[in-house]
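Right, one structure below, let's go through it.
The values are calculated or read from the model by the stated rules, or taken from the named source; none is laboratory data. Please read all numbers here as calculations on a predicted model, not as lab measurements. For neighbour counting, all protein chains shown are included, and Cβ atoms are generated from backbone atoms with ideal geometry for every residue, glycine included. Note: areas computed on protein heavy atoms with side chains; ligands, DNA, RNA excluded. Shrake-Rupley method; radii C 1.70, N 1.55, O 1.52, S 1.80 Å.
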Amino acid sequence: VQLQASGGGLVQAGGSLRLSCTVVGAITSEFNGNDWAWYRQGPGEQRDLVAGISSRATNYNDSVKGRFTISRDSARKRLHLQMSNLKPEDSARYYCTGNYGGRTYWGQGTQVTVSS
């Protein structure tokens, strides 16, 4: 299984971006049943949970509630993170991650930079 993230870029404050993460090699039923998440890490900072999704619920870091939405596309086995009203403090490298077959997998990350 490989996680391939995309969609990052440079955006002005107040703008929007949509991140995608394709889970290559996953079986659809397990993709749907497993937990997936987006984390982010700024320079010199720890990697923090941004949003998570399970088969029953979603959860968000307080700093992004109301602005970010996590979702999954079962047909394409993709994880998405819709980010709106972006702020400079959202600038970081964003990573998708999930558990599959008893292992935790991480994507390579995609950079998001928000200018003020």
Got at least one residue in segment 49-58 being in contact (Cβ under 8 Å) with a residue 40 or more places away in the chain and either at positive phi or of a type in the set (Gly, Ala, Ser) (or both)?
-> no
Would you point out which residue out of Val1, Val23 is aliphatic (A, V, I, L, M) and open to solvent by less than 50 Å² (accessible area, probe 1.4 Å)?
-> Val23
Is one or more of the residues making up segment 26-43 in a strand (DSSP E or B), surrounded by fewer than 18 Cβ atoms within 10 Å (Cβ to Cβ), out of contact with any His (no Cβ under 8 Å at 6 or more places or on another chain) and among the charged types (D, E, K, R)?
-> no
So which residues in segment 55-83 are modelled with pLDDT under 95 and over 19 Å from Gln4 (Cα atoms), if there are any at all?
-> Ser55, Arg56
Go through segment 1-56 and count every residue that is within 20 Å of Gly101 (Cα to Cα), touching a helix residue (DSSP H, G or I) at 6+ places or on another chain (Cβ under 7 Å) and of a type in the set (Val, Ile, Thr).
-> 1
Restricted to segment 106-116 and to residues being closer than 22 Å to Arg67 by Cβ and more than 11 Å from the chain's Cα centre (by Cα), the residue surrounded by the fewest Cβ atoms within 10 Å (Cβ to Cβ) is Ser116
By residue number, the members of segment 48-82 that are outside any strand (DSSP E or B) and buried (at least 16 other Cβ atoms within 10 Å of the Cβ) are Val64, Lys77
Look through Arg76, Arg18 and report the one residue that is out of contact with any Cys (no Cβ under 7 Å at 6 or more places or on another chain), more than 21 Å from Val114 (Cβ to Cβ) and not β-branched (Val, Ile, Thr).
-> Arg76
Here the residues within segment 83-105 that are open to solvent by 10 Å² or more (accessible area, probe 1.4 Å), under 21 Å from Ala26 (Cβ atoms), under 15 Å from the mean Cα position of the chain (by Cα) and not polar (S, T, N, Q) are Tyr95, Tyr105
